[in-house]
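Nothing in this text is a laboratory measurement; each read-out follows from the coordinates by a stated rule. Predicted model only: the values in this text are computed from it and were never measured. Don't worry about glycine lacking a Cβ; one is built from the backbone with ideal geometry, like all the others, and counts go over all protein chains shown.
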């Protein structure tokens, strides 16, 4: 059986996102089943929404790979949980890797659809694939979703998607464009956290009242 570039990214992204979800669930003292559900939702949530919007067969309902991969992630966290929980950077690492891999996967799967979609739609689907699973994860563990905070998250996916199509427009292969896209997403996330880069925050009613005083 030939393994494609997208399948490799799928495996890396699924494992990384599942570990990030289970890691946060363990910090909230979820039981094994609850942690598994959080990890699974993180891993498949974005791709599920993508496939529904593209009117494709939902990818994980025909292949147990994603369920098995999440189980492996759970075993990994159970065995090495003491080290993962002590190191806060481990969550960021796995989340960032999953975000980058799934952004590329979402773009690639959109381009492989029988119905041709414009590049901006593929970027949106890539961003959806990368970021939506994290939204479900944060909702499940009762946290404000990271994508809605001021920290740059989904914007990294968008910039990575633009880099993907810039490479394609110059005649690069999909594999090279995917690698560049992944590197850009990871780099954007690292720079955003390292230098506390963020988008402007909308002011609320209290902010305006405070300003008037």
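Convex hull volume of the C-alpha atoms in the chain, normalised per residue: 155 Å³. When the Gaussian network model of the chain links Cα atoms closer than 10 Å, the mean-square fluctuations of 200, 118, 64 top out at 200.
Paramagnetic label reach from residue 172 (point 7 Å along Cα→Cβ; backbone nitrogen cut-off under 19 Å): within the range 2-30, residues 5-10.
The ranking of 141, 152 from fewest to most other beta carbons within 10 Å of each one's beta carbon is 141, 152. When the chain is treated as a Gaussian network with alpha carbon springs shorter than 10 Å, the biggest mean-square fluctuation among 62, 196, 50 belongs to 62. In this rough spin-label picture, where each label sits 7 Å from Cα along the Cβ direction, the residue 201-residue 58 distance is 3.6 nm. In plain terms, the residue of 26, 172 with the fewest other Cβ atoms within 10 Å comes first and the most crowded comes last, giving 172, 26. Identify which of 24, 111, 74 has the largest mean-square fluctuation in a Gaussian network model of the chain, with springs joining Cα atoms closer than 10 Å. In the Gaussian network model the winner is 111. Neighbour counts of other Cβ atoms within 10 Å put 61, 125, 188 in the fewest-to-most order 61, 188, 125. Relative contact order for the range 5-198: what is it in percent, counting Cα pairs under 8 Å that are at least 6 residues apart? Here the relative contact order equals 24 percent.
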